[in-house]
Structure formats: structure tokens, C-alpha cells
Amino acid sequence: MKRQKRFEKLEKRPIHLDGFVKEWDDEGLVALEGKNDPKPSIKLENGEITELDGKKKEDFDLIDKYIAEYGLNLDNAEMAMNTDSLKIAHMLVDPNVSRSEIIKYTTAITPAKAEEVISKLNFGEMIVAVQKMRPRRTPATQCHITNTLDNPVEIAADAAEAALRGFPEQETTTAIARYAPMNAISIMVGSQTGRPGVITQCSVEESEELSLGMRGFTAYAETISVYGTDRVFTDGDDTPWSKGFLASCYASRGLKMRFTSGAGSEVMMGYTEGKSMLYLEARCIFITKASGVQGLQNGGVSCIGIPGAVPGGIREVLGENLMCMMMDIECASGCDQAFSHSDIRRTERMIGQFIAGTDYISSGYAAEENRDNTFAGSNMDVLDYDDYCTMERDLAVNGGILPIHEEDAIKIRNKAAKAIQAVFDGLGLPAITDEEVEAATYASNSDDMPKRDMVQDMKAAQDLMDRGITVSDIIKALHDHGFNDVAQAVLALAQQKVCGDYLQTSAIFDKNWHCISAIDNPNDYQGPGTGYRLWEDKDTWDKIKDIPWAMDPQHMDF
């Protein structure tokens, strides 16, 4: 067939490198309102749920049982379930109805009812609802700090720069699992150098992650996965109860934590029970609520390509974020996994969360070049900083990232590199050379760094665990080498775990260690003139306006 030239050119556009599929309900390849999704229902007898979404108590699976026992506000259940779903959807977008009033309904409905409510909203209406329903008034975002060589000096420098740019939470992981203790220490020291009050985590195998937290190397966790079908849970030797127990282990040690879920995981594992992605995600959200966990990382996350491949999938992703907020829990709204070859579509992926503002717009903006992102790449990375900051400035939106000046980045990266050099010396770890400090100060990716002896580093990482090194040893090393301000910041972080304030929903710290959460910074949006408005947050707005690449028309040389 003779080709039409414009169609030939269109086929070469980046969008055609993405994958798209037609809907297939029976295998769960449908965003929401699948033909096999149950109809909402509830029956109570003597204060006990005997029917949930069309299923009798004797037929409950593990997830039904867990949700029925712990996941619903039974005092309001019959009232909420008897309220038309369209009416609840109207309440979500009505500026005259407060968030606190809506929560009485949304925490008392079943997973199928929650899906039905979301299905009544279009994408624009969801943006309005998210603006009102996020628990914390002030939006923020979170970042990844990794590199393919697990280079501790580069991690520390990148963490410091990211802290200066405004990220209140930072997450690392490993290319090689045995590096976990070093990576955890490096991101903590680097971030506290950049800005006291940042909290950090290291995403690794769950028992080791908990051990790192108990030693004081991390301050929170979120890669504790929950799923929407029993088969996926049990394939991983887990149940809702085991996840709930793990959550209590973190909380009892003063460590903040979130669960992780997201549309597409059950499709990827092959056990969808023929249900839609949004319905299965609703079950994950209700498990999180039932466990008493303060938050959830959801919104496709690492499986984003699956909802992104079906019709209405990105609408579903924003819908599952909104549903999380409807359950009155913190939402780290994804926007983290590499999603598309198309720059236009990458922006589409996060625009709803960006405009509305969520507790954490990204649950992992890549604060390194994506080539160094061992989380498999993020939707946006460091090379998108200037575009992202310009979007904030254009729309007067707080997306959680601030523009910074090059000389400030160089200064803080150098200080962080020297601080981790001091810690390695104090702990008897393989030396960090002055050459490495200099390289990390100016590096953009791991190719810019001198190579370390990775075998010796891995042995040292195991040795520091065997020696029982804790955060106290890190504080002492910093203090002994003259980094008193960083030592004080790390000490303050350890003290916060004893205090426990940041175990509240949507909690972050400012640079003075004031805890900002849904408790003391509740979302009060009720239409125009209310809620968080960037231009009323003068300090942040002034920083966002002051992009270094803007010309001053009053001082221009011609």
C-alpha cells in the first residue's frame, strides 16, 4: 500500500514506542468498571459484617475478612452505603462540603462502593477533589537518590543537593544488595547536610530494611507491598495480617512507614480474578486503612505501564490516588516509574497530581540522571528540573521543588562529600579520597566518579553490621571531624523517633524540625480563596519566581 507521508512521520514519533492494548475484562486488563466487578453491598448483624460487596461471610477470602474486621467505620456504614454514589461524588467536588464531612462517608463505604464513586468523576473533577481531599494542606514531593555503582560519595552529594532543592523525603536502594548499610548512611548524612529535617529510607528486603531502621540509619519505609487478591499475597508468603504486623514493628520503633500498592500489580502477577484495576486497588487501600498505617504509595507505581496501556488508565491512576485520600490516609501519588518515551505523555502522567497537589506528588522523582536510577528510572529526573520549576512558576503551583543557583549546589555538594568522608574515616570504612570528594562536587552521573574497590566496600558494609554500628557512632564521627551542625541534625532525627510526632498522617519536617502533618496542617480547602495557595506562601513563591535563567529587565546591558 502506498503510504501517506504524514502517517509515516507520525509512526516515527516517540509515542509509538509505548505499548497499548485493548481491554480484556476477564484478565483484568480494564481500568475501572470491569464487567466482573462486584456490586456494592453490606449487611450488618450485631455489629458484625455478614455480607461485603455481594459476598457472604462464609465465602470471605483473607482480604474480605481483614477489611470486614478492621477496615470500615461501622458506625456510619449503613448511612454511607445507602447514600447514592453520585451524591458522594458531588460532595467530593462541591466547595460547600468540607473534607471532614466527606470523610464520614468515604471511610464507611466498601471497596466496590468506593470504585463506583470514583467512576462518576472525570479527570478534571478528580483534580478538584484531590485538591480538597489530600490530608496535609501543604503539598510536597519525594525523590530517589541512587547510582549504578552504589557510590557513597555521589549518594551523599546528590542527597544534599536534593535537600536544598526542597525534597523533605528521600529514598535510596541498591544496585548490589550488600551495599544497603552504606547507602542508608550516605543518604542520611548527605540529606541532613543539605537541610536538617529531611527523612530518608533505604528500600531493600523487608527484614534488613527494618534492621537498618532500628540501628538509626533510616527514618521511614514505604516499600511494604499489599495486593488486591489472595493469590498474589500468598505467592509471596504473605497475608494482610503479616503486613499489619510488620507495620507495627516499624511504628513501635518510632519509624514512619507507608504501604505500597498500585494498579497493574495483580495483572503483572497473573491473578486478577477477572476484576478491574481500580477495584483491586480499592482492596489494597482498604487493607492499608485496616492496618492503621499512616499512608500509601500508590498510583500505578512500578506497574504504571499496565494501566497506561488501557483506555482511561491514567484517569484510573488519579482515581486511585483520590481513593487513598478518601480513606483519610497519606498519599504518595506515584509519578515515579519511567512511563513513556513521549515527553508530552510523561507530563500528562503527573499533571493531575501536580495541579491538584498531593502529600507527595512524586513518590520518587529521580534526583539523579535516570541512567543512574536503580529503581529502573523515574517519570522525571534531574535533567527535567528546569522544566519542572518553570511549570511551577507558570502555573503558580507548589510542586515541591525549588530552583537553586549553581554556586549553592557546588558548595553543599562539597560539604556533604566531605561529611561522608569524615564518617567513613570515623567508622573505619574504606577511605574516601579527596579526589572522590572533588569529583562528587561537580559530577552529574556515576561516569564522572573515580572507581572504588567494590569488593572492599561490600566487605566493610557487612563488617559495620557485624560490629553493631548505630547512628550514635555516626554522630560521634561527624562531631569528631568538625561537622558539628550535621552531627546535631542527625542527633535531632534520632530524637524524633523517640518523640514520635512524625508517625502522624502526612508528616514531614521543616528545617527547624517542626512537624507538619494532617494534625497541625490540615487541608482546609473549600473553594476559591481557601486552602493552600502558593502566592500566599510568600517565602516559597519568591524562591519559585527566582529562577536563575530569568532576566531582570531593570538591569539589562544592551
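Between Ala177 and Arg6, the distance separating the two model label sites (each 7 Å from Cα on the Cα→Cβ line) works out to 5.4 nm. Label-to-label distance, Asp524 versus Thr148, with points set 7 angstrom from Cα along the beta-carbon direction: 5.0 nm. Taking packing as the residue-averaged number of other Cβ atoms within 10 angstrom, the listed peptides 288-296, 487-495 run from highest to lowest as 288-296, 487-495. Summarising the strand pairing of the chain, around 30 percent of its internal DSSP beta bridges are antiparallel. Close amide H contacts of Trp24 (hydrogens built in the peptide plane, cut-off under 5 Å, sequence separation of 5 or more or a different chain): Leu29, Val30. Applying a 4.7 Å Cβ-Cβ cutoff to the chain, the cysteines left without a disulfide-compatible partner are Cys143, Cys202, Cys249, Cys284, Cys303, Cys335, Cys389, Cys499, Cys515. Partner lysines whose Cα lies under 29 Å from the Cα of Lys22, excluding those fewer than 8 positions away in the same chain, are identified as Lys2, Lys5, Lys9, Lys12, Lys35, Lys39, Lys113, Lys120, Lys275.
Across the chain, the mean sequence separation of Cα contacts (distance under 8 Å, 6 or more residues apart), normalised by length, yields a relative contact order of 21 percent. Fully extending the segment from Ala431 to Lys451, taken as 0.36 nm per residue of separation minus the present Cα-Cα distance, adds 5.9 nm. Partner lysines whose Cα lies under 18 Å from the Cα of Lys543, excluding those fewer than 8 positions away in the same chain, are identified as Lys511. Rounded to the nearest whole Hz, the Karplus-based 3J(HN,Hα) values (6.51 cos²θ - 1.76 cosθ + 1.60, θ = phi - 60°) of the stretch 404-419 follow the sequence 9, 8, 4, 5, 5, 5, 4, 5, 6, 5, 5, 5, 5, 4, 5, 5, with x at glycine and proline.
In loop segments of the stretch 1-90 as defined by DSSP, the trypsin sites (Lys or Arg not before Pro) with at most 12 further C-beta atoms inside 10 Å of their C-beta are Lys2, Arg3, Lys12, Lys22, Lys35.
FRET efficiency for the Glu45 to Asn122 pair, using the beta carbon distance and R₀ = 30 Å, is estimated at 0.20. Taking the square roots of five times each eigenvalue of the Cα gyration tensor of the stretch 361-435, the equivalent ellipsoid has semi-axes of 30, 16, 10 Å, listed largest first. Tell me which of His16, Val97, Gln131 sits at the most positive position along the dipole axis of the stretch 1-138, charges placed on C-beta atoms (Lys, Arg +1; Asp, Glu -1). Working it through, the farthest residue towards the positive pole turns out to be His16. Ranking Cys284, Cys335, Trp241 by Cα position along the charge dipole of the stretch 217-363, where only Lys, Arg, Asp and Glu carry charges on their C-beta atoms, puts Cys335 farthest toward the positive end. Restricting the GluC sites (Glu not before Pro) of the stretch 158-212 to loop positions (DSSP other than H, G, I, E, B) with no more than 13 neighbouring Cβ atoms within 10 Å leaves Glu205.
In this simple spin-label approximation, Asp75 and Ser211 carry label points 7 Å from Cα along the Cα→Cβ vector, and these lie 4.4 nm apart. Solvent-free Debye calculation, one equal scatterer per alpha-carbon of the stretch 263-383: log10 I(q)/I(0) at 0.14, 0.20 Å⁻¹ equals -0.56, -1.11.
Amide H contacts of Ile516: Ile508, Phe509, Asp510, each under 5 Å away and 5 or more positions distant or on a separate chain (H built 1.01 Å from N in the peptide plane; Pro and chain starts excluded). Here the alpha carbons of the chain define both size measures, Rg and Dmax, at 23.6, 82 Å.
Accessible surface for the chain, divided over its residues, is 40 Å² per residue with a 1.4 Å probe. When the solvent-accessible area of the chain is split by element, carbon and sulfur atoms take up 50 percent of it, the probe being 1.4 Å. Remark on Tyr365: its backbone amide H falls under 5 Å from those of Gln142, Cys143, His144, a criterion applied only to residues 5 or more positions apart or on other chains, H modelled at 1.01 Å from N. Packing order of peptides 453-461, 143-151, 535-543, 265-273, highest average first: 143-151, 265-273, 453-461, 535-543 (average count of other Cβ atoms within 10 Å over each peptide's residues). For the stretch 430-446, 3J(HN,Hα) computed residue by residue from phi via the Karplus equation (6.51, -1.76, 1.60; θ = phi - 60°) reads x, 4, 9, 7, 4, 4, 5, 4, 4, 5, 5, 4, 10, 5, 10, 8, 5 Hz, glycine and proline entered as x. Below 8 Å between Cα atoms, with a sequence gap of 6+, how large is the relative contact order for the stretch 1-132 in percent? Over the stretch 1-132, the number comes to 23 percent.
A protection proxy built from the mean count of other Cβ atoms within 10 Å ranks the segments 408-419, 128-139, most packed first, as 128-139, 408-419. Sequence-ordered 3J(HN,Hα) estimates for the stretch 356-365 from the Karplus curve with 6.51, -1.76 and 1.60 and θ = phi - 60° stand at 6, x, 10, 4, 9, 4, 10, 9, x, 5 Hz, glycine and proline given as x.
Pairs of Cα atoms nearer than 8 Å and 6+ residues apart set the relative contact order; for the stretch 383-493 it is 23 percent.
The values are calculated or read from the model by the stated rules, or taken from the named source; none is laboratory data. Keep in mind it's a predicted model, so treat the numbers as computed, not measured. Here the Cβ is made from the backbone with ideal geometry for all residues, glycine too, and neighbour counts use every protein chain on show. Only protein heavy atoms, including side chains, enter the accessible area calculation; ligands, DNA and RNA are left aside. Shrake-Rupley method; radii C 1.70, N 1.55, O 1.52, S 1.80 Å.
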